[in-house]
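What follows is a single structure, written as structure tokens, with notes after it.
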Amino acid sequence: MILIKLRKMITNCVVNPSGCLNFASARHPGGGFLGGAQAQEESLARTSGLYACLTSAHCKKMYLINQQNKSCLYSHRIIYSPDVPVFKDDDGAILDEWYSMNFISAPAVNAGVVRKRDRNADGVLIIAISFSLSLSLFYYSLLC
């Protein structure tokens with residue numbers, strides 16, 4: 001359903017201002033999709049070129065920093081991947097026509113663990129959300 005709704009949003013756009021927030025694994029590009037995991041990031045990795053973007057040399061630093069950090073409070077780094085081709089539907093069937101989507105990959109905070117360890121968990125969540133929204137607004141302002 002995710003990809004069907006995204007495609008409907010951009011079908012009639014001359015410029016593609018739409019984007020998709022990927023609740024990303026902070027430590028593993030594509031989450032667990034190579035092992036068959038079934039979640040939002042894994043679906044996006046299977047149906048588009050997003051995994052190739054996330055595993056590029058340019059993006060490795062985010063994952064390395066978060067892998068070295070033993071805390072559940074990940075860095076505030078996010079990855080912007082513009083014009084990523086989407087070539088399969090949610091069921092894995094190849095689309096007759098591919099389309100492109102802009103992705104923001106932001107590590108999903110494990111709120112339950114953060115709240116157990118840190119009383120300032122809500123502040124951490126607000127900062128993470130603010131970064132993603134700020135990037136979206138900045139990109140959109142470039143189109144207008």
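Throughout, read-outs are computed from the coordinates displayed, never taken from laboratory work. Here the structure is a predicted model, which is why all the values come from computation and not from measurement. All Cβ positions, even for glycine, are placed from backbone atoms using ideal geometry, and neighbour counts span all protein chains on display.
Arranged from fewest to most other beta-carbon atoms within 10 Å of their beta carbon, Cys72, Cys20 become Cys72, Cys20.
As a calculated quantity, the FRET efficiency between Asp89 and Ser18 at R0 = 22 Å, using C-beta atoms, amounts to about 0.80.
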